[in-house]
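The values are calculated or read from the model by the stated rules, or taken from the named source; none is laboratory data. Every value quoted in this text rests on a predicted model; they were computed, and no experiment measured them. As a convention, Cβ positions derive from the backbone with ideal geometry for all residues, glycine included, and neighbour counts pool all protein chains shown.
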């Protein structure tokens with residue numbers, strides 16, 4: 001089952017061409033009298049890390065311990081970029097070249113559309129090897145990402161490949177240019193389809209795309225290729241000949257700028273935590289589906305990735321085993337989400353139950369409903385109950401928008417579940433007193449709280465059953 005790993009202990013080093021992405025937003029409602037061009041009244045400016053810096057930002061946002069090497073100029077843009085990165089807990093090892101411009105891409109946006117982009121570009125004029133700088137940053141590193149935007153920082157990439165091989169470190173490269181031969185020996189390349197076809201020629205069928213991918217893997221001695229295909233998703237091809245097409249997970253595509261940065265960041269992070277290569281690619285595909293719905297170079301955070309996974313697979317909803325529920329709660333807590341728990345038989349679901357569960361969910365982020373199994377209900381309600389089986393009761397509850405997770409228990413009370421799951425808030429209906437709530441003392445002891453919800457008069461499964469008999 002696809003899952004979001006804990007990235008917090010993972011260390012990744014990013015090297016490549018860093019840049020500043022600047023966005024000017026404004027309204028356009030008239031044309032210039034000087035030329036047939038729109039006049040944009042700028043009302044907002046946004047500055048973000050771009051290129052290799054955006055890769056590092058994506059890593060940091062999901063909790064990876066991230067370090068970055070690149071080159072900046074001795075200008076205000078370079079200083080701003082470094083400050084933006086440092087504020088995101090990224091360990092910056094940026095080489096400042098006084099007479100160099102920091103690559104800056106400025107985009108003017110109006111009504112969700114990019115009108116123009118103008119660049120203050122720069123590149124390192126002669127080939128430079130930064131092998132010494134790379135070596136300084138490899139202690140304890142789980143993976144290295146090379147983000148090549150053809151600005152010169154990775155021009156001597158053979159030296160970097162040799163360093164990574166010598167240290168037995170996983171190496172991924174987002175390539176650029178018409179010479180992929182320089183990347184021979186890296187573990188994984190992540191080109192988009194246009195970049196790939198610029199090397200191997202037009203691929204008019206999926207079969208030909210796979211064939212050419214496997215040929216490149218063999219020629220360059222790669223372990224895998226992950227080819228991003230815009231609205232067609234991705235192709236993952238491996239050195240053993242296996243391949244998988246992954247459908248796009250994007251619902252709305254506003255801007256593909258920086259999507260490749262997100263893909264290689266999430267892919268590398270997942271691999272570095274021990275996720276198998278196919279599931280790592282699936283996570284990267286999910287992340288890409290998030291960022292293309294944003295404007296400009298963007299990142300995906302842990303909560304967005306979790307939400308995208310929930311929407312695509314539904315694994316984060318409904319009936320859960322105890323082991324799976326513990327994992328889901330841990331993920332939620334990493335996102336600072338508040339866990340609510342309640343319990344009951346829920347034999348015949350009625351309007352009182354619906355109102356009660358909606359009130360409970362409004363108190364936090366995730367609602368767990370623990371349900372008495374059939375034998376437990378018989379012990380509490382008599383031999384003729386439940387009317388509906390445990391499977392049916394749980395299925396109905398899991399279909400409610402207010403309910404996130406449903407789990408059963410076989411004892412008369414849910415005390416064991418409460419002690420294991422340790423919810424932040426334990427709730428019961430208004431016909432209880434706080435000191436009567438089973439598990440309440442345990443929740444309070446663990447720093448949580450207990451709350452009695454409003455009592456819904458006129459609703460009772462027992463009374464409904466009696467009416468049906470008459």
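Considering only residues that are touching a helix residue (DSSP H, G or I) at 6+ places or on another chain (Cβ under 9 Å), part of a strand (DSSP E or B) and without any contact (Cβ under 8 Å) to a residue 60 or more places away in the chain, which ones fall in region 52-73? 65, 66, 68, 72 - these are the residues of region 52-73 that are touching a helix residue (DSSP H, G or I) at 6+ places or on another chain (Cβ under 9 Å), part of a strand (DSSP E or B) and without any contact (Cβ under 8 Å) to a residue 60 or more places away in the chain.
Based on what the data block shows, is residue 222 crowded, with 18+ Cβ neighbours inside 10 Å, assigned by TED's automatic domain parsing to the domain that holds residue 59, more than 22 Å from residue 52 (Cα to Cα) and touching a strand residue (DSSP E or B) at 6+ places or on another chain (Cβ under 8 Å)?
Numbers: crowded, with 18+ Cβ neighbours inside 10 Å: yes; assigned by TED's automatic domain parsing to the domain that holds residue 59: yes; more than 22 Å from residue 52 (Cα to Cα): no; touching a strand residue (DSSP E or B) at 6+ places or on another chain (Cβ under 8 Å): yes.
When the stated conditions are applied, residue 222 does not pass them.
Among the residues of region 12-37, count how many are surrounded by 14 or more Cβ atoms within 10 Å (Cβ to Cβ) and either part of a strand (DSSP E or B) or more than 27 Å from the chain's Cα centre (by Cα) (or both). Please lay out each step first, then the result.
Residues of region 12-37 that are surrounded by 14 or more Cβ atoms within 10 Å (Cβ to Cβ), as a first pass: 12-26, 28.
Pick out the ones that are also either part of a strand (DSSP E or B) or more than 27 Å from the chain's Cα centre (by Cα) (or both) and you get 12-16, 18-26, 28.
Residues meeting the conditions: 15.
Determine which member of the set 90, 62 is surrounded by 14 or more Cβ atoms within 10 Å (Cβ to Cβ), under 22 Å from the mean Cα position of the chain (by Cα), closer than 19 Å to residue 145 by Cβ and at pLDDT 95 or above.
90
When you check residue 83 against the structure, is it surrounded by fewer than 22 Cβ atoms within 10 Å (Cβ to Cβ) and in contact with a helix residue (DSSP H, G or I) (Cβ under 8 Å, 6 or more places away or on another chain), yes or no?
Numbers: surrounded by fewer than 22 Cβ atoms within 10 Å (Cβ to Cβ): yes; in contact with a helix residue (DSSP H, G or I) (Cβ under 8 Å, 6 or more places away or on another chain): no.
No, not satisfied.
Exactly one residue out of 146, 157, 161, 108 is crowded, with 19+ Cβ neighbours inside 10 Å, within 26 Å of the chain's Cα centre (by Cα) and in the same structural domain as residue 74 (by TED's automatic domain parsing): that is 146. For region 434-447, the set of residues classified as under 24 Å from residue 354 (Cα atoms) and either in contact with a strand residue (DSSP E or B) (Cβ under 7 Å, 6 or more places away or on another chain) or surrounded by 14 or more Cβ atoms within 10 Å (Cβ to Cβ) (or both) consists of 434, 437, 438, 439, 440, listed by residue number.
Farther than 30 Å from residue 19 by Cα, part of a helix (DSSP H, G or I) and modelled with pLDDT of 90 or more: which single residue out of 279, 330, 285 fits that description? First the steps, then the outcome.
Details: 330 fails: modelled with pLDDT of 90 or more; 285 fails: farther than 30 Å from residue 19 by Cα.
That would be 279, the only listed residue that is farther than 30 Å from residue 19 by Cα, part of a helix (DSSP H, G or I) and modelled with pLDDT of 90 or more.
Quick test for you: out of 300, 256, 263, 292, pick the one residue that is modelled with pLDDT under 80, closer than 23 Å to residue 225 by Cβ and surrounded by 21 or more Cβ atoms within 10 Å (Cβ to Cβ). Before you say what the answer is, go through the steps one by one.
Values: 300 fails: modelled with pLDDT under 80; 256 fails: surrounded by 21 or more Cβ atoms within 10 Å (Cβ to Cβ); 263 fails: modelled with pLDDT under 80.
Step by step, each of 300, 256, 263, 292 is checked, and only 292 is modelled with pLDDT under 80, closer than 23 Å to residue 225 by Cβ and surrounded by 21 or more Cβ atoms within 10 Å (Cβ to Cβ).
Looking at the structure I just gave you, is residue 102 crowded, with 17+ Cβ neighbours inside 10 Å, touching a helix residue (DSSP H, G or I) at 6+ places or on another chain (Cβ under 6 Å) and farther than 25 Å from residue 270 by Cβ?
Details: crowded, with 17+ Cβ neighbours inside 10 Å: yes; touching a helix residue (DSSP H, G or I) at 6+ places or on another chain (Cβ under 6 Å): yes; farther than 25 Å from residue 270 by Cβ: yes.
Answer is yes for this residue.
Candidates in region 74-87 are the residues that are more than 27 Å from the chain's Cα centre (by Cα) and in a loop (DSSP other than H, G, I, E, B); of these, the one that is farthest from residue 135 (Cα to Cα) is 75.
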